[in-house]
Amino acid sequence: MPHLLQRRNDLKSLRHIFTLFKKDLLLEIRQQYSFYGVLLYIAATIFVLYMALESPESNVWNGLFWVIQLFISINAVAKSFLQESRGRMLYFYSIAGPRDFVLAKLLFNSLLMLLMSLLSLALFSLFLGNPGVKAAAFVGLVLLGGWSLSLVFTFLAAIAAKAQQNAAIMAILGFPIIIPQLLLLMRLSNAAFTENANIPIATVLLLVALDAMVILLAVILFPFLWKD
Amino acid sequence: MEGLKCEPLKVNSYVLLHTSYILLRIYPFPLFLLHFFKMIAGLSLVSNGCAQKCMHKSWWKILCVVLLFYTFIAGFLMDVPRLPALSETIRNLYFHVCMWFCMMILFTASVVYAIRYLRTNKLVDDIYSRQFAAVGIVFGVLGYATGAIWMSYTWADPNNSSFQSFSAVAREPKLIGAAIALLIYFAYMVLRDSISDIDKRARITAVYNIFAYALLFPTIWIIPRILPSLHPGGQNGNPALDFKDIDNRMRMVFYPAVIAWTLLGVWITSLKIRLSLLKEKRLLQ
């Protein structure tokens, strides 16, 4: 009997997560200015880079690409919690648990960031050329990197929103935390750019493990941020 | 004027009396160890009293002073192995490495109190957490300073000034880890100042403290192992400190030095904590 109850609760929370996710998606579709805003941000930044340098070397390309990814992720993810007004948060508080809420946000932002990463990769290759030798592996790395960035910055957006601060504090809080993952990603993509180097699977798994840890920490710690 | 003249004498006799009292009182060694670790790691998650009681005890402060004297005297006078490129500068081990040990222990204590705050919601724990982080930052900066001096004699390009070779040296994986740790706690302080509501500040910064620390530590373990490094340890070894590397003679000074500096850090923190407990007295009631 208890495990049946447990199962029902699990199903219920899955449904909650799905509903909250659908609400975020609907909001995004109805208020398209923010989506196009981020898109324009990507295009404008990459165009500026295109003006500033012509055909960068692979390590410059790599460094620039990940730094741009970092800023895109801050811009794309920041509004996820900042857009929720106090009253609306109270409403969510009354209908859903904190874990469902944060998991829905993580899911939505991951998907958003995956899309943005692919778009920026396409624009980067279009304007600045693509030094990648192993194209498929590099696309996989970009997706993994985008996912890692979105997870960390989603949780930091929750902190920044609770502190009633803007995106600037998110950058301060997030940069030191994200450095190790960026370092790993840059090393991996350097391996993808060189002909003979293998991509170390252990490092990829390490990144996945770090992502899992971020999700776990978010699920554990978000309930404390949630109650006012 | 009369009163002022008398004062030093009074203090002296008080100190003498106090020291002899402490020396006479034999502290059982296991209890000493227990209190030491409880004090440092804040392991007393269940009982709140120990840390506060320990704070007012004087045996560990005297121990700290004695060990610091020992560190300075033995550290500068005792024989050290002369290694190529390092030679006498190896004595900096007693100061530089101890700063990082102390910083890490203080940050760990800060996180333990942050977890405790989330469990108990007592503002005292928030004060502990903040002060441990603040003193940890000081030790981190000192670690950087002692490291910079050491670097300028060993790693720096002799044809360049050490200021110019800094950008090359700062790529060191261990320097990256240290820089991340310091940046995280600077950000922690900025976040604290940006929130005015006391309870909210305590809760949000505790959450950030735990989140950042949990991501910082894998970094410190992983990054030195995968990046090339000039530091001892490095790619294929224990990056923190290879305990087989260090000479027996040096161990005699190094371990007491770590304890001494850590105790000093805890002592400074305890003074800061007591000050802010007095300041916030009305709030805490």
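Miscellaneous remarks
- Residues that are among the acidic types (Asp, Glu) and either touching a Leu at 6+ places or on another chain (Cβ under 8 Å) or assigned to a helix (DSSP H, G or I) (or both), drawn from the range B:172-209: B:Glu172, B:Asp193, B:Asp199
- Looking across the range A:183-200, the residues that are within 9 Å of another protein chain (Cβ to nearest Cβ) and of a type in the set (A, V, I, L, M, F, W, C) come down to A:Leu183, A:Leu184.
- Filtered residues of the range B:94-125 (kept if more than 27 Å from B:Gly147 (Cβ to Cβ) and within 13 Å of chain A (Cβ to nearest Cβ)): B:Ala114, B:Ile115, B:Arg116, B:Tyr117, B:Leu118, B:Arg119, B:Thr120, B:Asn121
- Only listed residue being open to solvent by 10 Å² or more (accessible area, probe 1.4 Å) and on the phi > 0 side of the Ramachandran plot, chosen from B:Ser87, B:Ser58: B:Ser87
- Contact map, the range B:95-122: first residue under 14 Å from A:Phe224 (Cβ atoms) and of a type outside the set (Gly, Ala, Ser), second residue part of a helix (DSSP H, G or I) and open to solvent by 50 Å² or more (accessible area, probe 1.4 Å), Cβ cut-off under 8 Å, separation 6 or more or different chains; pairs are B:Leu118/A:Phe224; B:Asn121/B:Asp199.
- Flag for A:Glu28 being among the acidic types (Asp, Glu) and under 18 Å from the mean Cα position of the chain (by Cα): yes
Results for (1) buried (at least 17 other Cβ atoms within 10 Å of the Cβ); (2) more than 8 Å from chain B (Cβ to nearest Cβ); (3) among the small types (Gly, Ala, Ser), shown as yes or no for each residue.
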{"residue": "A:Trp147", "(1), (2), (3)": "yes, yes, no"}
{"residue": "A:Ser150", "(1), (2), (3)": "yes, yes, yes"}
{"residue": "A:Ala161", "(1), (2), (3)": "yes, yes, yes"}
{"residue": "A:Met170", "(1), (2), (3)": "yes, yes, no"}
{"residue": "A:Gly174", "(1), (2), (3)": "yes, yes, yes"}
{"residue": "A:Gln181", "(1), (2), (3)": "yes, yes, no"}
{"residue": "A:Val219", "(1), (2), (3)": "no, yes, no"}
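- Of the residues in the range A:186-193, none is small (Gly, Ala, Ser) and surrounded by fewer than 18 Cβ atoms within 10 Å (Cβ to Cβ).
- Within the range B:187-216, being open to solvent by 10 Å² or more (accessible area, probe 1.4 Å) and either more than 8 Å from chain A (Cβ to nearest Cβ) or under 16 Å from B:Tyr113 (Cβ atoms) (or both) holds for B:Met189, B:Arg192, B:Asp193, B:Ser196, B:Asp197, B:Ile198, B:Asp199, B:Arg201, B:Arg203, B:Ile210, B:Tyr213, B:Ala214.
- Residue that is farthest from B:Cys54 (Cα to Cα) [pool: residues in the range B:268-283 that are of a type in the set (D, E, K, R) and part of a helix (DSSP H, G or I)]: B:Arg282
- Helices (runs of 4 or more DSSP H) wholly inside the range A:30-143 that include at least 3 residues being open to solvent by 20 Å² or more (accessible area, probe 1.4 Å) and over 25 Å from A:Ala167 (Cβ atoms): A:58-82, A:98-128
- Tabulated pairs, the range A:26-48, first touching a residue at least 24 places away in the same chain (Cβ under 8 Å), second among the polar types (S, T, N, Q) and open to solvent by 40 Å² or more (accessible area, probe 1.4 Å), C-beta under 7 angstrom, 6+ apart or interchain: A:Val38/A:Asn75; A:Tyr41/A:Asn75
- Any pair with Cβ under 7 angstrom, 6 or more apart, that starts in the range A:110-121 at a residue that is under 19 Å from A:Phe155 (Cβ atoms) and ends at one that is surrounded by fewer than 16 Cβ atoms within 10 Å (Cβ to Cβ) and of a type in the set (Lys, Arg): none
The values are calculated or read from the model by the stated rules, or taken from the named source; none is laboratory data. Everything quoted here is computed from the prediction, not taken from an experiment. A quick note on method: Cβ atoms are made from the backbone with ideal geometry, for glycine too, and the neighbour counts reach across all protein chains shown. To get the accessible areas, we keep the full protein, side chains included, count just its heavy atoms, and leave off ligands, DNA and RNA. Shrake-Rupley method; radii C 1.70, N 1.55, O 1.52, S 1.80 Å.
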